[in-house]
1. Taking each pair of distinct Cα atoms in the range 137-200 once, what is the resulting Kirkwood hydrodynamic radius in Å?
2. Taking a probe of 1.4 angstrom, what is the accessible area of LEU16 in Å², to the nearest 10?
3. What is the percent carbon and sulfur in the accessible area of the range 71-206, measuring with a 1.4 Å probe over the protein chains and ignoring ligands?
4. Considering every Cα-Cα pair within the range 1-88, what fraction, in whole percent, is farther apart than 24 Å?
5. For TRP30, what accessible area in Å² do you get when you roll a 1.4 Å probe over the heavy atoms of the protein chains, rounding to the nearest 10?
6. Springs between alpha-carbon atoms under 10 Å, Gaussian network over the chain: tell me which of LYS133, LYS58, LYS312 tops the mean-square fluctuations.
7. Considering the range 57-147, what Rg and Dmax in Å follow from its alpha-carbon atoms?
8. With a 10 Å radius around each residue's Cβ, average the other Cβ atoms per peptide and rank 248-260, 204-216, highest first.
Amino acid sequence: MKISILDDYHDTLRTLDAFKKLAGHAVTVWNDHMQDTDALAQRLKDAEALVLIRERTKIRAPLLERLPKLRLISQRSIFPHIDVDACTRLGVILCSNQHFTMPSYATAELTWGLIIASLRDIPRQMDSLRAGKWQAGVGNTLRGKTLGILGYGKIGAVVAGYGKAFGMKVLVWAREASQTRARADGYAVAASREAFFEDCDVISLHLRLIDATRGIVTAADLARMKPTALIVNTSRAPLIEPGALVNALRAGRPGKAAVDVYEEEPLRDTRHPLLNIANAICTPHLGYVTREDHEIAFAEIFDQINAYVAGKPMNVVNPAALARGRT
């Protein structure tokens, strides 16, 4: 097949062992980010299969309708960036595995890195040293403090375990089934949503972004947090009510934030408020971006392409498209 891979910013995928799975296909790798429909339609006019890296590029009906040769989109995880109905109508099959056997340890590790970097003021301390100065203030320890896990799924459970290893009290707030799992794992569940935000010294978000979770963290929730507290978001930016985090940081509750995700990505606007607030640490959506995670994810993504070619498509999101498949 003629395959186009989008948004491989660092030209990493062709260096993976998993890339060998595409031997025999005609593969084009794009290293820049493009969202303009006209430019994408021209760029992808001969593509029979698209490989997407998470939600970096939106694939909507106006673009799909201008790609007559496209037969398959292969990716991993959720797909709010793809117009699935348009894919089905046009006979484009979407393959995306959403049932992982293991959590993203890379995301959990980055979450913990952000927690330590924030509470020990590591970026500010580095800037002080580079400026020819010495220590730039006093940080805080983790032991004995309360770590709040909002959403107790695979990644949330791993982060909770890290908190326990650091001597923190772990407090969970999640839907009922997840609360049951958290209790079974030996963690406490908050007495109420209000108590969760009031009592935690660190809160880390670990929810999938769906309609029910969009804006689930409100301005009122943030206002209940301690002025010494930290909120960490390595999941999705829209989990927090639009504008609420910046306003809360300016108001001093919570006192700090560490974020890896943004409403619009890639974020290149140096005027973005979060990049210009002293009590926020920001990273460019690095959670899943490790070589080890890429090997796992893209082995599956490339297997989906080969399964389609073999006439046995796997992880099909829109089976109705199979009957309308393009030839």
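1. 11.9 Å is the Kirkwood radius here.
2. About 10 Å², ignoring ligands and nucleic acids.
3. Percent of accessible area from carbon and sulfur atoms in the range 71-206: 53.
4. 13
5. We get 70 Å² for TRP30.
6. Answer for the Gaussian network model of the chain: LYS133.
7. Expressed in Å, the Cα Rg and Dmax of the range 57-147 come to 22.8, 63.
8. Highest to lowest by the protection proxy: 248-260, 204-216.
The values are calculated or read from the model by the stated rules, or taken from the named source; none is laboratory data. Only a predicted model underlies this, so the values are computations on that prediction, with no experimental measurement involved. Ideal geometry is used to build each Cβ from the backbone, glycine not excepted, and the neighbour counts take in all protein chains shown. Calculation scope for accessible area: heavy atoms of the full protein, side chains included, ligands and nucleic acids excluded. Shrake-Rupley method; radii C 1.70, N 1.55, O 1.52, S 1.80 Å.
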